[in-house]
Amino acid sequence: MIEYITKSELRNFADKLNINEQVNLRKSASSRALSGATFLSHSSKDDDLVVGAIRVLEGHGAKVYVDEIDPEMPPYTTEETAGLLKSRIRQTKRFVLLASKNSKDSRWVPWELGVADGYKGLTKIALFPASDSAHEQAWASWEYLGLYRRIVWGDLQGHQKRVWMVLDEKRNTATELSEWLAGE
């Protein structure tokens, strides 16, 4: 059985770090070399979930990039912002969308996903659903989200314990998260 991570679980992952550690984690995620990194797209309304998502991904070998405090981003969103985001998405190895109900209301999240789809194709993109409960799917209200793999927690054949994995629901196959993040 698989489960989606809940918002409260992501917040708990973040709460295990003190404020300075959280700030440093965010800073490192916005200033790292992009080659080999994982772009983490998210709604600004889900800012309280970002540190927890970074911890999960980095705990499985990712070098996560988030744009919110990238020193090269303009202070106000402009076409320069869009150009720089396109470049960052293209430069990274993987694209992960922290998907929640808030994602749909974002002007940038759907656009970033479309850009990533064009550059990376389906195999290098995964949704990281953040729900109110482990089985709720309100985050999946866009029809096209069904195209993408999902980061979930559960039983994976060949593993003794439950693991984080990237699930392809259409093919009913999964890859361990660390393996997916490391892949070409």
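The values are calculated or read from the model by the stated rules, or taken from the named source; none is laboratory data. It should be emphasised that the depicted structure is a prediction, and the values quoted were computed from it without experimental measurement. All Cβ positions, glycine included, derive from the backbone under ideal geometry; neighbour counts span all protein chains shown. The accessibility values were calculated without ligands, DNA or RNA, using every heavy atom of the protein model including side chains. Shrake-Rupley method; radii C 1.70, N 1.55, O 1.52, S 1.80 Å.
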Farthest towards the positive end of the dipole of the stretch 2-182, among LEU177, PRO75, ILE19 and with Cβ unit charges of +1 on Lys and Arg and -1 on Asp and Glu, lies the Cα of LEU177
Taking 0.36 nm per residue of sequence separation and subtracting the Cα-Cα distance, how much length would be gained by fully extending the chain between GLU169 and LEU17, in nm to one decimal? 51.4 nm
The stretch 151-166 - phi-based ³J(HN,Hα) in whole Hz, Karplus 6.51/-1.76/1.60, Gly and Pro as x: 8, 9, 10, x, 7, 10, 3, x, 10, 6, 10, 5, 9, 7, 9, 10
5 angstrom amide H check on PHE128, placed H, neighbours 5+ away: LEU97, LEU98, ALA99, ILE151
Once amide hydrogens are built 1.01 Å from N within the peptide plane, the residues lying 5 or more places from VAL64 or on another chain with amide H under 5 Å from its amide H are THR38
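Would you please give the FRET efficiency between THR78 and ASP48, computed as 1/(1 + (r/R0)^6) with r the Cβ-Cβ distance and R0 = 45 Å, to the nearest 0.05? Provide the component values of the computation, followed by the final result.
Values: r = 27 Å, r/R0 = 0.59.
After rounding to 0.05, the efficiency reads 0.95.
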Probe 1.4 Å, heavy atoms of protein chains only: per residue, the accessible area of the chain in Å² is 51
Tell me, what % of the accessible area of the chain is carbon and sulfur with a 1.4 angstrom probe? 48
Mind jotting down the three principal axis lengths of the chain based on Cα atoms? Whole angstrom, largest first. 46, 38, 30
